[in-house]
Amino acid sequence: MFELTQSPFGKYRLYHLHHRDSGNGFSIVPGLGANVLEIQFGGQNVLDGYRSPEELEAGKWGKSALLFPFPNRLRDGHYSWLGRDYTFPINNAATQNAIHGFVRHEAFEVTRIELTTENAEITCRLDYRGHHACYPFPFTLEATFNMTDRGAFSAAFFVKNRHHEAIPAGLGWHPYFRLTDKADDHNLQLPACSVVEIDDRMLPTGTRTSHNTFSKPASVGETALDNCFHVDESNTLYHLTLHHNGRSLTLAASRDLFPFFQVFTPPHRESIALEPMTCNVNAFQNGDGLVTIPPAGDWSAAFLLEYR
């Protein structure tokens, strides 16, 4: 039977959903971005998450952050929508761009918890009032995380437009994974894809180049990655997989929902970020993969994580 334990996490509350027998479970702090701190399969934590309230509030590296209303970078923070101009704060100093939206800093409310012998599920909800001038469009965002006793973790997202006009949207997740202590010691496998070529501000140049370095499992070694990839149309369902010592961790996503993904090896090289994204970098300007949600309309997306 899955169980729930709750404990203080600084000024927030930590929810730990776990199965004693299988060792499968996960931990989440809904009160700051619905941030997932741990994902355990058979008692092994495969997520490089924040270890303290101070780390969570500092938000360094954006670990496990929900990226909405846009993932990745937005040139100068500027965009136009329905004839009006808006500007997000510049929060990526290295490139002087806006990055990763804002919901990772918002307080979510737990609306549902379900525990059975076979799975544990929690739904966290954000009712955004449109109070940021950079995105004055009210919406509801629900994030549902589920773990099964068979070793599968899933994340599902539902967005409801509560604005009187259509709103622009893009979504991503920013988890860092590891099967061992060093990124270098993993093998990585990616689907058929092309790399999005970028300029010195990490913004798309408009060119994509076929990428096959990791079409079969290959050692990460000293490879440095901070690249966005576009999934080839031949993939209805695609997989991003890490291998180490006979074990594998696979993120599976639909190309229709997540046609882009980012792979990032941070300088500390303790883990590897595999980031599914519904749109390209700078999508609020280039429109590549940008979702339009009509008034009173909704939109949903989901992906799966498996450990073997």
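None of the figures in this text is laboratory data; all of them are computed from the coordinates on show. Note that the structure is a prediction, hence the values are computed from the model and not measured. Note: ideal-geometry Cβ built from the backbone for every residue, glycine included; neighbour counts use all protein chains shown.
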Hey, can you rank 84-92, 183-191, 13-21 by average C-beta count inside 10 Å, highest first?
183-191, 13-21, 84-92
Quick one: order Y135, Y128 by neighbouring beta-carbon count within 10 Å, fewest to most.
Y128, Y135
Other-chain or far-sequence residues with amide H under 5 Å of N227's (modelled H):
V263
Could you work out the longest stretch of the chain that avoids the GluC sites (Glu not before Pro) located in DSSP loops with at most 13 other Cβ atoms within 10 Å?
1-117
In whole Å, how far is the Cα centre of the range 22-94 from that of the range 271-308?
14
Once phi is turned into θ = phi - 60°, what whole-Hz ³J(HN,Hα) does the Karplus curve with 6.51, -1.76 and 1.60 give for every residue of the range 193-206, x standing for Gly and Pro?
7, 10, 8, 7, 5, 10, 8, 6, 9, 6, 10, x, 8, x
Run the reach check for K11 against lysines, Cα to Cα strictly under 21 Å, same-chain hits fewer than 8 apart removed. What comes back?
K60, K63
With the contact rule set at Cα under 8 Å and sequence spacing of 6 or more, what percent relative contact order holds for the range 2-307?
17
Aspartates and glutamates within cross-link reach of K182: Cα-Cα under 15 Å, excluding same-chain residues under 8 positions apart?
D48, E222, E270
Give the distance, in whole Å, between the Cα centre of the range 222-265 and the Cα centre of the range 129-170.
22
Please arrange F158, F2 by counting, for each residue, the other beta carbons lying within 10 Å of its beta carbon, fewest first.
F158, F2
With 10 Å bins from 0: P(r) over the range 86-197, alpha-carbon pairs, percent:
10, 29, 32, 24, 5, 0
Whole-Hz ³J(HN,Hα) for each residue in the range 88-103, computed from phi via Karplus 6.51 cos²θ - 1.76 cosθ + 1.60 with θ = phi - 60°, x for glycine and proline: what do you get?
7, x, 6, 10, 10, 4, 5, 10, 6, 10, 7, 9, 6, x, 9, 5
Under 5 Å between amide H atoms, partner at least 5 residues away or on a different chain: which partners does H163 have, H built in plane at 1.01 Å?
A296
Per principal axis, descending, Cα span of the chain in whole Å
57, 43, 36
When a footprinting reagent is the concern and you count Cβ atoms within 10 Å, what order do S27, S80 take, fewest first?
S80, S27
